[in-house]
1. So which pairs qualify, if the first residue must be in the stretch 129-141 and over 17 Å from Ser202 (Cα atoms), the second must be of a type in the set (Phe, Trp, Tyr), the Cβ gap must be under 6 Å, and the two must be at least 6 apart or on different chains?
2. Just need a number here: residues in the stretch 298-308 that are surrounded by 18 or more Cβ atoms within 10 Å (Cβ to Cβ) and in a loop (DSSP other than H, G, I, E, B).
3. Is it the case that Ile62 is part of a helix (DSSP H, G or I), hydrophobic (A, V, I, L, M, F, W, C) and in contact (Cβ under 8 Å) with a residue 40 or more places away in the chain?
4. Residue check: is Val343 in the same structural domain as Ala275 (by TED's automatic domain parsing), surrounded by fewer than 17 Cβ atoms within 10 Å (Cβ to Cβ), in contact with a Leu (Cβ under 9 Å, 6 or more places away or on another chain) and of a type in the set (A, V, I, L, M, F, W, C)?
5. Which of the residues that make up the stretch 8-31 are within 14 Å of the chain's Cα centre (by Cα) and touching a residue at least 60 places away in the same chain (Cβ under 8 Å)?
6. Report, by residue number, each residue of the stretch 147-200 that is surrounded by 14 or more Cβ atoms within 10 Å (Cβ to Cβ) and of a type in the set (S, T, N, Q).
Amino acid sequence: MIHVFTGPTLSPDDPALSSPQFAPRPPIRHGDLFDSRIAETDTVVIIDGLYHHTPAVRHKEIIWTLSRGVRVVGAASIGALRAAELESCGMVGVGEIFRAYADGVIEGDDEVAVGQSAGTDLRSFSWPLVNLRHVLNLGTAAGVVEAGTAGDVLEELRAVYYPHRSLTAVLAISRKRGAEEFGRWLGSRLAEDRHFGALKRSDALQALGTSLSLGGTPSEAPPKLEWRTRCFRQWANTFAAQTVDGVELTTSHRITYQQIFDRHFERLWWEHLSATGTAGLQPLLACAVILPETDLTDPDTVSRLLAHETPADRAAVHQYIALNEEVSQSHRGFFPEAIKDSVARELLTFLWGSRPEVLEEMARARGFQGVRDAVEAAKLFVLGFLREREDGR
């Protein structure tokens, strides 16, 4: 499968993506490469990405993906930028824009940035500098604008904030700089072909062809490329998820549910500690002084901690999270973190059949930092649990 992260450069319904080998995805953002649907034998094509109102895809996420053997191709937009930065790590760069970044001809992120509509409408409403530079070169070759004037037009548009670099702005600046003929010529060419001068699009199409030609070859990542920092482990744990029984569930939610609702989770946690090299300590001492950071991308770790999970547990996790989202939409002031600590404590006391004074010890025995950590984790499930009790389930 070839996962293509694209948006304004190539619409997901573009005929070029009609091959069953392509799985079109929205513009890439931080966390998307942890998607469990991306297998080690797959290819990822990065074209467009989000970066303004959401964190951009991190370099270490791409490096981790390459280290798994996944082929990663970049072109046109943020894909070209990341490929130029990570070419030595095995990412494959394609197209003129990638080469311009790699050779230092262009440097700024705003060279490829565009403004686009909010929500699911991925159309662009501005012109990237790389496209304008391209059509100015074509206009110079066609004799409709002098090289010096073309440079003036480009530099003036560069001073405009990137979401405001519209075609209207291009034509207005062309008139201001005495390049009216270029403006008329550009308008005429665009009327004939709406993709005229779309360098990003042509590079993206080339990247699709490259991804098909790679076939089943693994990535050419250098040996021992991967490294894991604390931040990377936190990212990986946050985005780890699996699709079970047709429903995608966040791994951390499933494990937290077991920590709270499984009466015998203490034994599972001790088995996990033993598997990570702390078997020489007594259970209570180990739980009191050691809290190894779990790797939720490791199948063995997940299997150990979910050993008691049932289909009913997974259904409950799905229903509880869905209820939180439903109430958040209908009551704008609600979010799980706002649930009172006292209510979450009462839930833990009830579920664990313990006295309030021993909650701290029991929380540690279940893999929490302490009762405060357990209380915060339990808030995610309080609303759903109370709803079930009201319904008599």
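The values are calculated or read from the model by the stated rules, or taken from the named source; none is laboratory data. The shown structure was predicted, so the numbers you read here are calculated from the model rather than taken from an experiment. Cβ placement follows ideal geometry from the backbone for every residue including glycine, while neighbour counts extend to all protein chains displayed.
1. Gly139/Phe182
2. Residues in the stretch 298-308 being surrounded by 18 or more Cβ atoms within 10 Å (Cβ to Cβ) and in a loop (DSSP other than H, G, I, E, B): 1 in total.
3. In short, no.
4. In short, yes.
5. Within the stretch 8-31, Pro26, Pro27, His30, Gly31 qualify.
6. Result: Thr149, Ser166, Ser174.
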